[in-house]
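Engineer: Supplied in structure tokens, the structure appears directly below.
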Amino acid sequence: MNYIQAIGETRSGSKFICPHHVLKQPKGEGTYATVFKGRSRTTNEIVALKEIHLDAEEGTPSTAIREISLMKELKHVNIVRLHDVIHTETKLVLIFEFCEQDLKKYMDQHGDRGALDPVTVRSFMYQLLKGTAFCHENQVLHRDLKPQNLLINRKGELKLGDFGLARAFGVPVNTFSNEASHFKHSAPDVLLGSRTYSTSIDIWSCGCIFAEMISGTPLFRGRDNQDQLLHIMRVLGTPSDAEFQKMSKDSPEIQLKPFARYPPMSLQQVLPKASRDAIDLLGKLLKFDPAERISAAEALSHPYFTNTANIPFGINTSPGSMPPPSFNFPHPHSGHPQQQQQQQQQQQQPPQAPPPVPHPQQPYRQMYNQHPQPQVHTQAQGQVPMQVDPRMMPQPPVHPGAMPVDPRAQPMYGAQYGAPYGRGPR
């Protein structure tokens, strides 16, 4: 195997090496898969290795087969790249591109009580919708979009990960199980029991993530599926009987029962820090009726992204749809987002020394629609972070406080067994 040096520590502190040694974990959800940080000994590239332990009787899990088949076809800058698959009698190892952390950890470390600054929210939201739109264009439902499954690399790129629950869909829409995203990011039609859902369930999850990046906490915080429905209705209002009947007609599996009547709340009052364009987009994403939700492609043309009034002062603009800028990771101890913005503004000021050669400037949509070919990135200890691909978004010079990369492998699992790259069979 070419991927070695995947060395880390278990929760108990004992050392292990993948693939020559198997990590033993207590049984439970996620014990079938472990994610390691490793390095290719042929290319020297840092990668993530998702090791799935195979059952001698059941063989390769269907979830792993489905994840591999879908991710081999989904090649996009905002979707984590599957480099290789290694299959032995006892293990299945998926080799992914490496990303430093997931969105949840980024919010916890760099947000103001989890809330991100408007520039970062706009950047991540645009990239989330780009990746989601690409999935939908290729007839794939992710079904498990949440901050823990969105990966962030050091170039500020957000990538969709963990396609273990993803499904291919057709027209007419297939009948699925209602084992979709965690209930805090699940659409109300799924919570009601719908099994004929389509791309609208991912759109709802995008809206929940959008609100969570703005405020730092989930918008709907129910204890279970039914309590989650009540929390949704307290904010969006209880649908009328006619609206419920329409949803039931579209999805006969929906189980209707009497609900308390709640008037809709103003999203601007719920999220007072959000701009009017942000609130308008959020309202279009979080429609109770799935048929009324905006598509990912339509959301990308929303004024929240195209209106230059949403671009903070000092950021260069060009005609057409303007993207949020790419950015460097702040130092883990850089503090409040306002300090981070001040650092960014200082970096944007003309330097005293001769400036570096700028990256070629291209229209944003053209840059994002070009899919760069796989490249080999070599990074040794002590070197500066990797430079941005010129075909990607323009990037300011890396400042000394950028997140360092420890070439020594570290375990990728956090609270749960490497959730960003997948949890293994369900």
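The values are calculated or read from the model by the stated rules, or taken from the named source; none is laboratory data. This structure is a prediction, so every number in the text was calculated from the model and none was measured. Cβ placement follows ideal geometry from the backbone for every residue including glycine, while neighbour counts extend to all protein chains displayed.
Engineer: Testing residue 232 on (1) at pLDDT 90 or above; (2) in contact with a Leu (Cβ under 7 Å, 6 or more places away or on another chain), one condition comes back false. Which one is that?
Structural biologist: (2)
Engineer: Within the stretch 43-66, is even one residue surrounded by 14 or more Cβ atoms within 10 Å (Cβ to Cβ), under 25 Å from the mean Cα position of the chain (by Cα) and at pLDDT below 50?
Structural biologist: Within the stretch 43-66, none of the residues are surrounded by 14 or more Cβ atoms within 10 Å (Cβ to Cβ), under 25 Å from the mean Cα position of the chain (by Cα) and at pLDDT below 50.
Engineer: Any residue that is under 30 Å from residue 104 (Cα atoms) and either assigned to a helix (DSSP H, G or I) or among the small types (Gly, Ala, Ser) (or both) - is there at least one of those in the stretch 259-266? It would help to see each step written out before you state the result.
Structural biologist: Our first condition is that a residue be under 30 Å from residue 104 (Cα atoms); within the stretch 259-266, this holds for 264-266.
From what's left, either assigned to a helix (DSSP H, G or I) or among the small types (Gly, Ala, Ser) (or both): 266.
Yes, there is a match, as at least one residue in the stretch 259-266 is under 30 Å from residue 104 (Cα atoms) and either assigned to a helix (DSSP H, G or I) or among the small types (Gly, Ala, Ser) (or both).
Engineer: So for the stretch 79-98 (the condition being without any contact (Cβ under 8 Å) to a residue 60 or more places away in the chain, among the aromatic types (Phe, Trp, Tyr) and not in a strand (DSSP E or B)), does at least one residue qualify?
Structural biologist: Looking through the stretch 79-98, none of the residues is without any contact (Cβ under 8 Å) to a residue 60 or more places away in the chain, among the aromatic types (Phe, Trp, Tyr) and not in a strand (DSSP E or B).
Engineer: Something else now. Hey, residue 234 hits all of (1) in contact (Cβ under 8 Å) with a residue 24 or more places away in the chain; (2) under 17 Å from residue 136 (Cβ atoms) but one; which does it fall short on?
Structural biologist: So the condition that residue 234 fails would be (2).
Engineer: To continue, here is another question. Limited to the stretch 244-272, what total is found for residues that are surrounded by 13 or more Cβ atoms within 10 Å (Cβ to Cβ) and farther than 16 Å from residue 193 by Cβ?
Structural biologist: The qualifying residues number 6.
Engineer: State whether one or more residues within the stretch 214-225 are in a helix (DSSP H, G or I), touching a residue at least 12 places away in the same chain (Cβ under 8 Å) and more than 20 Å from residue 142 (Cα to Cα).
Structural biologist: So far as the stretch 214-225 goes, yes, one or more of its residues are in a helix (DSSP H, G or I), touching a residue at least 12 places away in the same chain (Cβ under 8 Å) and more than 20 Å from residue 142 (Cα to Cα).
Engineer: Give the stretch 226-253 a look and list any residue that's in contact with a Phe, Trp or Tyr (Cβ under 8 Å, 6 or more places away or on another chain) and not in a helix (DSSP H, G or I), or say none.
Structural biologist: 237, 238, 239, 251
Engineer: Still on this model: Which of the residues spanning the stretch 267-294 are of a type in the set (Asp, Glu) and assigned to a loop (DSSP other than H, G, I, E, B)?
Structural biologist: 289
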